Amino acid sequence: MPLADGERGNDKEESQVITNHMNEYATQKEEIIDSSSLLYELSRDLVSILDGYQVVSVALNYLAKVPDCQVAGFLVEDNANPEQPWRFTVRIYRLGWESLVPQLTQRTIDAMQTVSEHIIQLNKVSIIVDGERQPDRVLSQVNRELRSFASLPLIMRQQVIGMVSIGSGEKSIFNEGIVRLLSTITNQATIAISNCRYIEQMAAARQSERLKSEFISNISHELRTPLHSIRGFTKLMLQGKVPDPGTQKEFLTIIDNQSEHLGKLIDNLLDISRLESGRFQIQKRHMSIKNTTQDAVESFYSLASEKGIVINEDIPATLPELEVDGERLRQVMVNLLSNAIKFSNDGGSVTVKIEVKDSELMMQVTDHGIGILEEVMPHLFERFFRVKDSAGVGGAGLGLYISKQIIEAHGGRIWAESKAGEGSTFSFTLPLNQAGGDSHG
Ligand code: ADP
């Protein structure tokens, strides 16, 4: 029986609806396949990476797949760089869009501040333009505006550890699918970065255990050496074998120096025990550190001159008053100066410099001695750490660790720069008080 016109029309509509549904289903299927293959490729690429920055670099390759994404960046903590504890790695995907970098950086930092308590200052962030895709031609005359911007936090165990941002000069580039793609990349990168950190922590824990057992054998040796020397010279004198007053004085001086060395070792051990048990305290008071510095430097004049080392002082005539524990601060200065002289060659020079800039005071101790190999630099301030065979000079590897605790308890920072064979500079900062006036010490 032939169909009535109206019925034919219904059929057409129905088949159109079915076709539309099928097309939609096919598109959705493609999208699902697309996103699952992306997830597969991304996790495959990230799974074997052991270095957080390589994770960032791979994740940036995937952000390139976001349509119209012209610039993207990863902000993550950089534990190896106390001067600039945040690292922003930026990649530009289109020629001529470099001018979006400062805007993207600032907006990412702002976004980070709003989601976490981390205080980040732009000058404390190292901004690295990722080399791989950097355009070979810089079209700086193009001044584009960031018209689309999205920022997603990297959240690890309920803590914000960084931020991913993407930007474009095009308007409204984000739809639901793109946001999903961004979340996938961000989540996978967070897992990979957190794995890298876990592996680093495990390695550090193993290293710490190894250092601890080395320390026990070290410290026994360190305590025994001065003790042997004290007992040896005392015995000789008690047996009346040193009648000459000049030699007696020489021996007594050795005994005195060795007892002082023993006393310092024991003080360091007590500090470590206080630090481990949480009983380490500093007692701050409002004071000038001019006298403290002068006192610490002068206490090394005779040791330096014995080695023919000149101590240069670049210390301003006036220094602001600070809220500090003078005794503890002296301990830090003594540690840095003693290392600088210990690791300097005879006839060298050591410079002590103090500078007041912005909101902090900075002290630097520079030597031109044996220097430190680049690979051990990240471990210098660790408990029990000593460079093996550092010119056969003894030590328990506690001085720098304790110094770091003291400076950080004052709200300051301490770090080292060095080149093997050329010398080292150890620096620390102390925050200036709001109320502090100038003092002539
Ligand atoms: P210690 O308490 O045994 O003196 P520190 O913690 O002060 O140890 O220093 C740790 C290690 O760092 C030293 O064993 C030495 O190898 C290295 N070091 C510290 N300062 C210097 C320096 N100025 N030049 C070269 N090496 C240094």
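Observations, loosely collected:
- Listed by first and then second residue, the pairs linking a residue in segment 397-424 that is in the same structural domain as Leu373 (by TED's automatic domain parsing) and farther than 16 Å from His379 by Cα to a residue that is hydroxyl-bearing (Ser, Thr, Tyr) and within 12 Å of the ligand (Cβ to nearest atom), with Cβ atoms under 7 Å apart and 6 or more places separating them unless they lie on different chains, are Gly423/Thr366.
For (1) more than 20 Å from Ser172 (Cα to Cα); (2) without any contact (Cβ under 8 Å) to a residue 24 or more places away in the chain; (3) among the β-branched types (Val, Ile, Thr); (4) surrounded by fewer than 19 Cβ atoms within 10 Å (Cβ to Cβ), each residue gets a yes or a no:
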residue	(1), (2), (3), (4)
Leu63	no, no, no, no
Gln70	no, no, no, no
Phe74	yes, no, no, no
Val90	yes, no, yes, no
Tyr93	no, no, no, no
Ile119	yes, yes, yes, yes
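- Residues that are under 14 Å from Arg328 (Cβ atoms) and in contact with a Leu (Cβ under 8 Å, 6 or more places away or on another chain) within segment 255-292 comprise Asn268, Asp271, Met287, Ile289, Thr292, listed in sequence order.
- Of the residues contained in segment 329-339, none is found to be on the phi < 0 side of the Ramachandran plot, assigned to a strand (DSSP E or B) and either in the same structural domain as Leu430 (by TED's automatic domain parsing) or at pLDDT 90 or above (or both).
Okay, residues lined up against (1) within 30 Å of Met156 (Cα to Cα); (2) modelled with pLDDT of 90 or more; (3) among the acidic types (Asp, Glu):
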{"residue": "Tyr198", "(1), (2), (3)": "yes, no, no"}
{"residue": "Pro226", "(1), (2), (3)": "no, no, no"}
{"residue": "Glu250", "(1), (2), (3)": "no, yes, yes"}
{"residue": "Ile272", "(1), (2), (3)": "no, no, no"}
{"residue": "Arg285", "(1), (2), (3)": "no, yes, no"}
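- Looking only at segment 356-373, and only at residues there that are within 24 Å of Lys124 (Cβ to Cβ), β-branched (Val, Ile, Thr) and out of contact with any helix residue (DSSP H, G or I) (no Cβ under 7 Å at 6 or more places or on another chain), the one that is nearest to the ligand (Cβ to nearest atom): Thr366
- Scanning segment 250-292 for residues being among the basic types (Lys, Arg) and either surrounded by fewer than 13 Cβ atoms within 10 Å (Cβ to Cβ) or closer than 20 Å to Ile230 by Cα (or both) gives a total of 3.
Listed here are the residues, each with its yes/no results for (1) more than 25 Å from Leu211 (Cα to Cα); (2) part of a strand (DSSP E or B); (3) out of contact with any strand residue (DSSP E or B) (no Cβ under 8 Å at 6 or more places or on another chain).
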| residue | (1), (2), (3) |
| --- | --- |
| Ala304 | yes, no, no |
| Glu313 | yes, yes, no |
| Leu322 | yes, yes, no |
| Gly347 | yes, no, yes |
| Leu361 | yes, yes, no |
| Glu382 | no, no, yes |
| Ala396 | no, no, yes |
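- Total residues in segment 398-421, condition in contact with a Lys or Arg (Cβ under 7 Å, 6 or more places away or on another chain), within 12 Å of the ligand (Cβ to nearest atom) and in a helix (DSSP H, G or I): 1
- Being under 17 Å from the mean Cα position of the chain (by Cα) and of a type outside the set (A, V, I, L, M, F, W, C) is a condition met by at least one residue of segment 414-421.
The values are calculated or read from the model by the stated rules, or taken from the named source; none is laboratory data. Note that the structure is a prediction, hence the values are computed from the model and not measured. Cβ sites come from the backbone with ideal geometry, for glycine too, and all protein chains shown count toward neighbours.
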